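The values are calculated or read from the model by the stated rules, or taken from the named source; none is laboratory data. This structure is a prediction, so every number in the text was calculated from the model and none was measured. Because the Cβ atoms are built from the backbone with ideal geometry, glycine has one as well, and the counts that use them run over all protein chains shown. The protein model used for the area step is the full one, side chains on, heavy atoms only, and it has no ligands, DNA or RNA in it. Shrake-Rupley method; radii C 1.70, N 1.55, O 1.52, S 1.80 Å.
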Amino acid sequence: MLRLFWPRVQALLLSLGLVLSVNGVSLVARAADLPTALSHLATSDFGELEQAIAEVAETGTPEAAKVIEALAAQKLVFSATAKQVFIKSGDDLLDAATGTKVAAPPADIEAIRVNNRIRRAIEAASGTLTLASPDPAKRLIAADSAYKVHDAKALAPIEAALARESDAGVKAALGQARAAILAFDVSAPDAKRIDAVDMLKTHANQETSALLRAIPADTSPALKSSINTAITAIESHLQLLAYAQNIWFGLSLGSVLLLAAIGLAITFGVMGIINMAHGEMVMLGAYTVYVVQEYIFRPHFPAYFGWSLPLSIPLAFLVAALAGIVIERGIIRFLYGRPLETLLATWGVSLILQQAVRTTFGANNREVGAPSYMSGSFDFLGLQITYGRLFIVGFALATFFALLFVLKATSFGLKMRAVTQNRKM
């Protein structure tokens, strides 16, 4: 029986042995590559150091990542005679390859110097090491780093990462990084560089424009024309985005003015009063929000600060309404039918309210804190939309449509419109 199956067993063992030997050689070679690359770091020559950093990054080991981090933090030292590299950890020296403490370090220890050239190499190496990270966010950071550095040595790792990448966002970033590298690679064919410039053009922002302008001037006419066309297209796109951004800022500011204008229109239309203190009504509402946040939520309920705005907005309307009732009962009711006198009287009221607020809260502006859900921004077709401005526009529209509903669909609104159209009746 053994003789019958022995040839098959031999074949299986041979195949397994070949696989193990191949993988073993690969692993041993990979492990051996790191000490060799680290020995090349033991130099004061910036050119050799730059090459050694790339070699360390190519090993792709966790130890290599620690070495690059230590080099970036200027905690890497070397011995020229022993051709060894160490990491400073407090008063101790750790072997860069193994991470173990060195009991008797060599006498000729000196720090590895870092200049701008080496910093660029470190940045490129960090990107190479994180391209294989299981975390998409880290891979995206690595792709952005490779895009900014656009080092030709990173082309092979970028292409390898691009081939295995499954995340759409990271893949797009890797494609841009590859295009940036090819655009600057003077050894690449013009056709590839032109395609790379066309791809960069789709990523229209100031950074890409600056990147294209930095491409060496001694290029072929075709490539130079492609670069100029791309820069022109990007600048035109950025100009349109600037216009759109200004329109958005105008809408968010205009929505606040819309609320104020609605109040003025209703007051004048229904009561015939030119209210010069209307801006101070808005001011009282704003200071109500400030008081609720500063004197209630921050000292007593900091964990519930997110609720401060939803609770203080109705209170702001209430405070402004009470102030309006006091002004109407105390002053305005005696001046109906005399619009110029109401103008003068409400102007005096506005001065009184302004001085009262200055006396109470001081002359400096007071900050109203934005809850976490109103902080930050998001990108929409290249526009930066802040959640705060979006909330302002949405709140103004909601208030406007609520008022429209009251005026059009309720008996109270019907009476208001009747008075506005025919006061004598």
The FRET efficiency for Lys101 and Asp167, from their Cβ-Cβ distance with R0 = 51 Å and rounded to 0.05, is 0.80
Any chance you could check the Cα centroid distance between region 303-342 and region 216-240 for me, in angstrom?
58
I'd like the FRET efficiency for Ser133 and Phe46, computed as 1/(1 + (r/R0)^6) with the beta carbon distance as r and R0 of 22 Å, rounded to 0.05.
0.15
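If Arg338, Arg139 are ordered by their accessible area, calculated over protein heavy atoms with a 1.4 Å probe, which sequence runs from highest to lowest?
From most accessible down to least: Arg338, Arg139.
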For region 48-64 and region 70-90, what is the separation of their Cα centres, given in Å?
14
Please give the charge dipole size of region 171-247, origin at the Cα centre, charges +1 on K and R Cβ atoms and -1 on D and E Cβ atoms. Round to the nearest 20 debye.
120
Set of aspartates and glutamates near Lys224 by C-alpha distance (under 17 Å), chain-local residues within fewer than 8 positions excluded:
Asp185, Asp190, Asp195, Asp198, Glu235
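Under a 1.4 angstrom probe, counting protein chains only, how are Trp307, Trp248, Trp347 ranked by accessible area, largest first?
Most to least solvent-accessible, the answer reads Trp307, Trp347, Trp248.
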Inter-site label distance for Ala418 and Asp190 at 7 Å from Cα along Cβ, in nm:
8.3
Provide Tyr336, Tyr295, Tyr290 ordered by accessible surface of protein heavy atoms (probe 1.4 Å), highest first.
Tyr295, Tyr336, Tyr290
Under a straight-distance cross-link criterion of Cα-Cα below 18 Å, which lysines are reachable from Lys415, leaving out those fewer than 8 residues away in the same chain?
Lys424
Rounded to the nearest 10, the angle in degrees between the Cα long axis of helix 278-292 and the longest principal axis of the Cα atoms of the chain comes to 50
Calculate for the chain the 222 nm mean residue ellipticity that helices alone would give, adding -39,500 (n - 2.57) per DSSP H run of length 4 or more and normalising by residue count, nearest 500 deg cm²/dmol.
-22500 deg cm²/dmol
